Amino acid sequence: MPRRSASVCALALALAISLLGIAPACADNGPEPHAFRHADPGDVDYYALVLSWSPTHCLTEGHERGDDQCDEDRQADFVLHGLWPQYDLGWPEDCYHGERPWISSDVIQEMQGIMPDKEIVIHEYKTHGTCTGLSPSAYFAKARKAYEQVTIPGPLDDPQTQRFLSPEKIESEFQAANDWLQPDMIAVSCRRGNLFDVRICFSTDLTPQACGANIDQKRLCPLQRITVPVSRSDR
């Protein structure tokens, strides 16, 4: 399984935190996690279920592109972004060769309601699903099963008021709503000071498990407090 040596990124860390509110992976505490493209399908250690906070996406590129999830009448909050295969250190991407994989309209239709649109379904299988060694139908069935194991906390289920919370507070709300969820199984990421997504880790058979170095809270969001914006229709 591929691994890489440490690199120095103190300047990048300071710049990213000051401008974007995110922290790149640094080598201060060991090797830096990164993507391995065209890796061997199915050779993974665990999965990260990624739940994106739709209002943050719609503040920027989602609104500018006119994404369906940003329509004012949809009021989306957490949506299933994907189920990402992980190594203990690093992660695989784009595990196919030649033509891009094809996803049937039936599979795309089955994911309506929990994934934002057709484009994200296609992207997620190409980038992440191909690395699981599963067919599109099997991959999205697994993603749905993992998604359905997680209860969205009441305070984060279509909130009407913008909140300012620590990543740890968001994690604790998820733990309160899911009694099986341990602190080392979840992390929150942020972008430009806003909640971006929540990542929850599962084994390859979808048993909840501790996350690896990739899903590290300090890497994904080192801020003490972040904004949880609401959808445009709730402002």
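Structural remarks
- Taking the Cα atoms of segment 78-235, the ratio Rg/Rh between the radius of gyration and the Kirkwood radius comes to 0.97.
- The dipole here belongs to segment 37-126: it is taken about the Cα centre, uses +1 on the Cβ of Lys and Arg and -1 on the Cβ of Asp and Glu, and is about 120 debye.
- Sulfur and carbon atoms: percent of accessible area, segment 126-235 [1.4 Å]: 47
- With all protein chains modelled, accessible area of LEU220 [1.4 Å, Å²]: 20
- Net charge dipole, segment 172-232: roughly 480 debye, given to the nearest 20, about the Cα centre with Cβ charges of +1 for Lys and Arg and -1 for Asp and Glu.
- Proximal lysines to LYS142, defined as alpha-carbon separation beneath 26 angstrom and excluding residues fewer than eight positions away on the same chain: LYS118, LYS126
- Relative contact order (percent, whole number), segment 122-235, Cα cutoff 8 Å, 6+ residue spacing: 27
- Cα shape, segment 105-178, gyration tensor, a/c 1.5 rule: prolate
- Less than 5 angstrom separates the built amide H of TYR96 from those of HIS38, all sequence-distant by 5 or more or on a different chain.
- Average accessible surface area per residue within segment 105-235, 1.4 Å rolling probe, Å²: 45
- Relative contact order (%) - segment 61-169, alpha-carbon pairs under 8 angstrom, separation at least six: 31
The values are calculated or read from the model by the stated rules, or taken from the named source; none is laboratory data. Treat the numbers as computed from the prediction; the structure is a model and nothing was measured. A quick note on method: Cβ atoms are made from the backbone with ideal geometry, for glycine too, and the neighbour counts reach across all protein chains shown. Accessible surface is based on the protein model in full, side chains and every heavy atom, while ligands, DNA and RNA are left aside. Shrake-Rupley method; radii C 1.70, N 1.55, O 1.52, S 1.80 Å.
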